[in-house]
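Input: a single structure, listed below in structure tokens.
The values are calculated or read from the model by the stated rules, or taken from the named source; none is laboratory data. Being a predicted model, the structure only gives us computed values, none of them experimental. Glycine also receives a Cβ, built like all others from the backbone with ideal geometry; neighbour counts cover every protein chain displayed. Side chains are part of the model used for accessible areas, which takes the heavy atoms of the whole protein and leaves out ligands, DNA and RNA. Shrake-Rupley method; radii C 1.70, N 1.55, O 1.52, S 1.80 Å.
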Amino acid sequence: MAISKHYWYHTIAILTVIVWGTTFVSTKVLIGYGLSPSEILIYRFLLAYIGIWFVCPKRLFAKSVKDELLFVAAGLCGGSLYFVFENTALQITLASNVSLIICTSPIFTAFLSYLMYRKEKLKASLIFGSLTALLGVGLVVFNGSFILQINPLGDILTILSALSWAFYGIVLRKVNGRYSTLFITRKVFIYGIITMLPFLALSPSSLHPELLVQPVIIANLLFLGLIASLLCFIAWNTAVKELGIVQTSNYIYFVPLVTLLTSAIVIDEHITLVALLGSVFILFGVYVAEKGFRFGLKKKVA
């Protein structure tokens, strides 16, 4: 029963990254209609925050000031900073660079977790599997077009984005044992919104509320807000609570693969044999990274 329960949480994590992998196309549609990346984040988090109030306990604040500050950090790292760094980098450097570097987040998460919790050893299967999956990500991202344009500022911003998501996972670990998943997720949304406001204040022209009457924009925002944000953040935080941040983060490697397939279906982007080979590396790498955890689980249950 314990093994099947854990497989269920693995399934939750996989389904979550599948949805997140499709958000690339949805966001691209919204940008094409004139919305800025920062206001897309505000709208999707506002929708998610409103939606979660229907199912979340009505308690407003954490049990202590320290915990409340941890929630501020979670909203900052997993919300505003992550998206600001990523979207700004997309305006400076190639999308292929960004997609590749973002997928270093699981590696950053593993090493940060090791540095902060020395009792957790870095298993050889995790390191080898992560590097194999990262190689696969590179093949999928470049999709047969091996042109790497180095832009130090854009690449540094992308590294900061990956680090932000890694720190988000570390903060989640600190609060997971004391609060419900719904409460944690709601706090992430509200502090993601609040910490995003200074960025909007610096660029007030990035808001285009007059565009919100168009059905295509409304449909995509509802998807991003209620499915990709509300449901997926709850699902991801639940998986992290049960499986741990290092183990769950490995599934982030699937995101470029899902994006590749979605782009091919929706906007007719070409898939090459190189990208398919990369997909095999991703699947194999995630399997190897998870193998040690699953064997340890079976031994423990036995």
Check: Given 0.36 nm per residue, what is the gain on full extension from Val55 to Tyr114 after removing their alpha carbon distance, in nm?
Finding: 17.8 nm
Check: Over the range 157-233, how many percent of alpha carbon pairs lie in each 5 Å bin up to the one with the longest distance?
Finding: 3, 11, 13, 21, 23, 15, 9, 4, 1
Next item on the list: With all protein chains present, calculate the accessible area of Trp53 using a 1.4 Å probe and round the result to the nearest 10 Å².
Entry: 60 Å²
Check: Along the range 75-84, what does the Karplus equation 6.51 cos²θ - 1.76 cosθ + 1.60 (θ = phi - 60°) give for ³J(HN,Hα), rounded to whole Hz, x for Gly and Pro?
Finding: x, 5, 6, x, x, 5, 4, 4, 6, 5
Checklist line | Val65 - accessible surface, heavy atoms, 1.4 Å probe, Å² rounded to 10 | finding: 110 Å²
Next item on the list: With a 1.4 Å probe and all protein chains in place, put Trp8, Trp20, Trp236 in order of accessible area, largest first.
Entry: Trp8, Trp20, Trp236
Check: If ligands, DNA and RNA are left out, what is the accessible area of Leu81 with a 1.4 Å probe, given in Å² to the nearest 10?
Finding: 40 Å²
Notebook entry, point to check: Quick one: ranking Lys174, Lys58 by accessible area, 1.4 Å probe, largest first, what do you get?
Noted result: Lys58, Lys174
Item checked: Sequence ranges 183-191, 216-224, ranked by mean other-Cβ count within 10 angstrom, highest first -> 183-191, 216-224
